[in-house]
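J.: Structure in structure tokens, see below.
The values are calculated or read from the model by the stated rules, or taken from the named source; none is laboratory data. Remember, it's a predicted structure, so these values are computed and weren't measured experimentally. All Cβ positions, even for glycine, are placed from backbone atoms using ideal geometry, and neighbour counts span all protein chains on display. Ligands, DNA and RNA are stripped out before the accessible areas are found, and what is left, the full protein with its side chains, is counted by its heavy atoms. Shrake-Rupley method; radii C 1.70, N 1.55, O 1.52, S 1.80 Å.
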Protein chains: 2
Amino acid sequence: MRTVDLIHRKRDGEELSPEEVHFLVDGYTRGEIPDYQTSAFLMAVFYSGMSDREVSALTQSFIASGTTLDLSSIPGVKVDKHSTGGVGDKTSLISAPLAAAAGVVVPMISGRALGHTGGTLDKLESIPGFRTDLSLDEFREQLAKHNLAFIGQTAEVAPADGRFYALRDVTATVESIPLIASSIMAKKIAVGLDAVVLDVKVGAGAFMKKQVDARRLAQMMVGIGRRMDKRVQALITDMNQPLGYAVGNALEIMEVSQTLQNAGPADLTRLSLELAARMIFLGKITKTLDEAREMAQARLLDGSGYRKFKEVITAQGGNAQVLDRFELLPNATGAQEITTARGGYVSGIDAELIGQASSMIGAGRGAKEDSIDPAVGVILEVKVGQKIEAGSILCRLYYTNGDQLEGAAELVEDAFRISQHPVDERDLILEVVS
Amino acid sequence: MRTVDLIHRKRDGEELSPEEVHFLVDGYTRGEIPDYQTSAFLMAVFYSGMSDREVSALTQSFIASGTTLDLSSIPGVKVDKHSTGGVGDKTSLISAPLAAAAGVVVPMISGRALGHTGGTLDKLESIPGFRTDLSLDEFREQLAKHNLAFIGQTAEVAPADGRFYALRDVTATVESIPLIASSIMAKKIAVGLDAVVLDVKVGAGAFMKKQVDARRLAQMMVGIGRRMDKRVQALITDMNQPLGYAVGNALEIMEVSQTLQNAGPADLTRLSLELAARMIFLGKITKTLDEAREMAQARLLDGSGYRKFKEVITAQGGNAQVLDRFELLPNATGAQEITTARGGYVSGIDAELIGQASSMIGAGRGAKEDSIDPAVGVILEVKVGQKIEAGSILCRLYYTNGDQLEGAAELVEDAFRISQHPVDERDLILEVVS
């Protein structure tokens, strides 16, 4: 088997066998196939796509490149929830406690902020004392005891995916649906999950700008899961405005706390409940999805989801009091209001620009090695559809260092679209792929 | 300017500016842009193609990466002839002496055999004593004195092209029309030519399998030339059977000698005369192409082309007597006849299979560093259209080492198509692009 021949065939749109896909992944991971052949292969995949069989083989090769977690000692169905990345998307911190409170085992493997999108780990780490670096033994123990534990991606799980991702990042081959699908699914399946609920974001603030692409990605991930005997459902959800009002790490923890106490934004609450319901359903706690929806709702209303989150914060070394006393969280020292010059109806809030602005003042990272400021971010004062007067406050920027404030404020101003006519509300959950 | 952004834009089908193309070529040549980004870029070019402006910028960047030859001290128009590579294609060794005998200055920069196609340098080196490693001063001197000199590609001319080619070879990005066009034209223009006659081969034995691709390549090369004030004409010619009867280095020198004495195969003679005529016309020796055709014919009939080739062989240290006494050339020690089991009409002779068989017994190279056996090869006994009886000899394999003989014989047997019905003769010169 010659690497150049495999690139050639993929380039010409032929299907590679599972053995051939494995040869490429394994060879690259071992350092036997050079970067330059792998990057040419990735670009050929970008254009030619991959068959279902190929993308499953790629996923399995990524999984086989490292260790897999054995969670079989923990009773119950293990269900995770994964978002393709959004702005203000703190649903994991709401739906996971709700599902865990309903009896689902939720091994939550999360990522960090990059570019304009936030990361669950960074949000959690804004809670003083919170540890995301649990050992695998600690992780298993906590899961058995509390049904829920949060950790980051470990280098031992699917290391080939990490190497591929680093190469894609510098060769303009990130935006490939089979490459995204296999990367996500490999990391999920390698950690011993039985089921996954996927939240595929679409719109200006998401990776997928078009619904047709989001659907293809969702279908591909659901298909990979099916072929590996995992139950997978995907929601395709709108990211044409930030989710909720808060964008930024500690700011989002505050909004999570409010939402778990049933005092959060309508859109965030609705999506978190639907995700939790599907986790409960896939976790076989209920027989029907409707029963699962009722249960998720009940766990919100009776406060058990809120208590579950506190319990897990404490278990991971964090100060759970922050959920009641926000002054214990890192707080920004300055705030700048952004107002509108003219009245009308808010017709759009570009989530990507809001995310970029938030990242620019310190809430996110330009590069992986950058550090973040947990206190800063953006809080919206309006949402799409709302009527506003000239001079109304659109949002506030919370900052500790004013250096990048001016640039961030400009971005944020550009993010708001004001129309003279009332605008129709857009659906939040656009479709379901299962 | 970030390399990843340029790859991204090319990937999405956008046009890069000349400065951006130069940035990529220059950065790669200096070692500042890594292989893996360049290979991803090349694969993006494979799929997205290049605009006329981009391919001209690429050609100019290749030229600017090294030294350019100054031939201005030699009076007269400098005209070269280039073939995209065929099987049994020895036209350079016939048309160049004819054109030089007519007064054209022909600085002939040639290549070596690779894969199933032959190389002019290897053919010349089968002549005992012949030196292809002339210094640039020797090259200029010989051109001034004899109008014709043969050398190989030097590392100083368009070195970036060499680096790009080596990378394309291992990343399945060789078969890209803009990459082929810029590679050929950069090497031609960098050596100080005023005009080029291109022979773009199409068919089973050629790089371009389809006439539409050959036409696009020809048009692109003619366009690059035009934008750099070079006169370029391209013939698109059939390579669905080998040209002439002889395939293999010394065997082809013998056929060249016969053809320059007007005793060669009809197809080879016809194409060599047309190429020579276009060199004479572009070299401004005549006012019209028809006059140039008459002149090429005259230089063949009066033996001056033949004498010119002998003169140049002597000038480059070779033994010119070989053209009259073939026993002075390397001769194979064994010959194997390939016969046909059934009679009929020869409807096709797959030039690629003949070329592969010839290469397999030692006439060519699998890899650049392989050595070749100048004596061996294939001599056809029939051509397409000919009527044959069962038991007729189709060709003979000439070999010195019988190791690969059986495999080569099988390839050759597969190369011949025999039909029960008379077949129409195919045009040799399919079209002209100028």
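J.: Residues in region B:95-138, backbone N under 20 Å from the label point at B:Q321 (7 Å along the Cα-to-beta-carbon vector): list them, ranges by number please.
T.: B:124-131
J.: Next up: Considering chain A as a Gaussian network with a 10 Å cut-off on Cα pairs, which listed residue, A:L69, A:L198, A:L271, attains the greatest mean-square fluctuation?
T.: A:L69
J.: What are the aspartates and glutamates whose alpha-carbon lies under 18 Å from the alpha-carbon of A:K230, with same-chain residues fewer than 8 places away excluded?
T.: A:D52, A:E54, A:D70, A:D80, A:D194, A:D199
J.: R0 = 22 Å: FRET efficiency of A:T288 with A:R226, Cβ-based, nearest 0.05? Intermediate values should be presented prior to the final figure.
T.: On the way: r = 20 Å, r/R0 = 0.93.
In this case the efficiency is close to 0.60.
J.: Where in chain A are the helices, taken as whole DSSP H runs, whose Cα atoms extend 20 angstrom or more along the long axis and whose Kyte-Doolittle mean reaches at least -0.5?
T.: On the way: long enough: A:211-227 (24 Å, -0.31); A:266-282 (24 Å, 0.95).
TM-like helix candidates: A:211-227, A:266-282.
J.: Return the Rg/Rh ratio of chain A with Cα-based radii and a Kirkwood Rh. Each step should come with its number before you reach the end.
T.: On the way: Rg = 21.6 Å, Rh = 22.2 Å.
Rg divided by Rh gives 0.97.
J.: Let me ask another. Where the only charges are on Cβ atoms (+1 Lys, Arg; -1 Asp, Glu), what is the dipole of region B:258-399 about its Cα centre, to the nearest 20 debye? Could the numbers behind the result be given before it?
T.: Details: 16 positive and 17 negative charges, 78 e Å.
That gives region B:258-399 a dipole magnitude of about 380 debye.
J.: Related question: Which value, in Å² and to the nearest 10, is the accessible area of B:V200 when all protein chains are kept and the probe is 1.4 Å?
T.: Surface open to solvent at B:V200 totals about 0 Å².
J.: Among A:A296, A:I285, A:T259, whose Cα sits farthest toward the positive end of the charge dipole of region A:253-318 (+1 at Cβ of Lys/Arg, -1 at Cβ of Asp/Glu, about the Cα centre)?
T.: Of the candidates, A:I285 comes out farthest on the positive side.
J.: In addition: Can you give the extra length, in nm with one decimal, that the chain gains between A:Q297 and A:T333 once fully stretched, where that is 0.36 nm per residue apart less the Cα-Cα distance? Walk me through the intermediate numbers first.
T.: On the way: separation 36, 0.36 × 36 = 12.96 nm, distance 3.66 nm.
Full extension from A:Q297 to A:T333 adds 9.3 nm.
J.: While we're on this one: Ordering A:S51, B:S39 by accessible area with a probe of 1.4 Å, largest first, what comes out?
T.: Numbers: A:S51 35, B:S39 0 Å².
Descending accessible area places them as A:S51, B:S39.
J.: Using θ = phi - 60° and the Karplus curve 6.51 cos²θ - 1.76 cosθ + 1.60, what whole-Hz ³J(HN,Hα) does each residue of region A:367-384 get, with Gly and Pro shown as x?
T.: Calculated HN-Hα couplings, in order: 10, 3, 8, 5, 9, 10, 10, x, 7, 8, x, 10, 10, 6, 10, 9, 10, 4 Hz.
J.: Averaged across orientations, what area in nm² does the convex hull of the alpha carbons in region B:3-49 project? The partial results should precede the final answer.
T.: Numbers: hull surface 11.2 nm².
For region B:3-49, the mean projected area of the Cα convex hull comes to 2.8 nm².
J.: Could I ask something else about it? Quick one: pull the percent of accessible area on the protein assembly as shown belonging to carbon and sulfur, 1.4 Å probe, ligands and nucleic acids left out. Write out the running numbers ahead of the final one.
T.: Details: 15390 of 32990 Å².
About 47 percent, which is the carbon plus sulfur part of the accessible surface.
J.: For A:G192, what residues show an amide H to amide H distance below 5 Å, using hydrogens built from the backbone and excluding near sequence neighbours?
T.: Excluding prolines and chain starts, which carry no amide H, the hits are A:L69.
J.: So if R0 is 56 Å, what FRET efficiency would A:A144 and B:R270 give, r being the distance between their Cβ atoms, rounded to the nearest 0.05?
T.: Result of the calculation: an efficiency of 0.05.
J.: Label position 7 Å from Cα toward Cβ: report the copy-to-copy distances for A:D229 in nm, one decimal, ordered from shortest.
T.: 7.4
J.: If you don't mind, there's one more thing I want to ask. Which of the pairs A:K90/A:K308; A:K10/B:K201; B:K187/B:K308; A:K123/A:K310; A:K10/A:K201 have their Cα atoms more than 18 Å apart in this structure? Could the numbers behind the result be given before it?
T.: On the way: A:K90/A:K308 16 Å; A:K10/B:K201 26 Å; B:K187/B:K308 25 Å; A:K123/A:K310 15 Å; A:K10/A:K201 29 Å.
From the list (A:K90/A:K308; A:K10/B:K201; B:K187/B:K308; A:K123/A:K310; A:K10/A:K201), the Cα-Cα distance tops 18 Å for A:K10/B:K201; B:K187/B:K308; A:K10/A:K201.
J.: Defining the label point at 7 Å along Cα→Cβ, can you sort the distances from A:K383 to the same site in each other copy, shortest first, in nm?
T.: A:K383 label point versus its equivalents elsewhere: 8.2 nm.
J.: How much accessible surface does B:E156 have with a 1.4 Å probe, in Å² rounded to 10?
T.: 100 Å²
J.: Would you mind calculating the gained length between A:E410 and A:D169 on full extension (0.36 nm times residue separation, minus the Cα-Cα distance), in nm to one decimal?
T.: Details: separation 241, 0.36 × 241 = 86.76 nm, distance 2.77 nm.
Full-extension gain reported as 84.0 nm.
J.: Right, here's the next one. Place the label 7 angstrom along Cα→C-beta at A:S419 and in each other copy, then list the distances from the first to the rest in nm, shortest first.
T.: 6.6
J.: Could I ask something else about it? How big a patch of accessible area, both sides summed and in Å² to the nearest 100, lies buried between B and A at a 1.4 Å probe? Walk me through the intermediate numbers first.
T.: Numbers: alone 17390 and 17400 Å², together 32990 Å².
The summed interface area works out to 1800 Å².
J.: Where only protein heavy atoms count, and the probe is 1.4 Å, what is the accessible area per residue for region B:185-337 in Å²? Don't skip to the end; give the middle numbers.
T.: Values: 5640 Å² over 153 residues.
Heavy-atom SASA per residue in region B:185-337 reads 37 Å².
J.: Under a point-charge model restricted to the Cβ atoms of Lys and Arg (+1) and Asp and Glu (-1), what is the dipole moment magnitude of the protein assembly as shown relative to its Cα centre, in debye to the nearest 20?
T.: Computed charge dipole of the protein assembly as shown: roughly 740 debye.
J.: May I ask what percent, to the nearest 5, of DSSP beta bridges between residues of the protein assembly as shown are antiparallel? Walk me through the numbers on the way to the answer.
T.: Working: 46 of 86 bridges.
If I count the DSSP bridges inside the protein assembly as shown, around 55 percent turn out antiparallel.
J.: If you don't mind, another one. Do any residues of region A:165-194 lose at least 20 Å² of accessible area when the full set of protein chains is present rather than just their chain alone, and if so which, with a 1.4 Å probe?
T.: A:V170, A:T171, A:A172, A:E175
J.: Build a GNM of chain A with springs between Cα atoms under 10 Å: which of A:Y399, A:Y36, A:Y306 gets the top mean-square fluctuation?
T.: Among A:Y399, A:Y36, A:Y306, the largest GNM mean-square fluctuation belongs to A:Y36.
J.: Sort A:V79, B:V432 by accessible area with a 1.4 Å probe, largest first.
T.: Details: A:V79 0, B:V432 65 Å².
Result of the area sort, largest leading: B:V432, A:V79.
J.: Sticking with this structure for a sec: What full-extension length gain, to one decimal in nm, is calculated for B:D424 and B:A367 as 0.36 nm per residue of separation minus the Cα-Cα distance? Can you show the working numbers first?
T.: Details: separation 57, 0.36 × 57 = 20.52 nm, distance 3.77 nm.
Full extension of this stretch gives 16.7 nm more.
J.: Heads up, I need the accessible area for B:D229: 1.4 angstrom probe, whole protein in place, Å², nearest 10.
T.: 140 Å²
J.: Top mean-square fluctuation among A:S358, A:S17, A:S65, Gaussian network model of chain A, C-alpha springs under 10 Å?
T.: For chain A, modelled as a Gaussian network with Cα springs under 10 Å, the answer is A:S17.
J.: With +1 on each Lys and Arg Cβ and -1 on each Asp and Glu Cβ, how big is the dipole of chain B about its Cα centre, in debye rounded to the nearest 20?
T.: Details: 45 positive and 57 negative charges, 195 e Å.
The dipole magnitude comes to about 940 debye.
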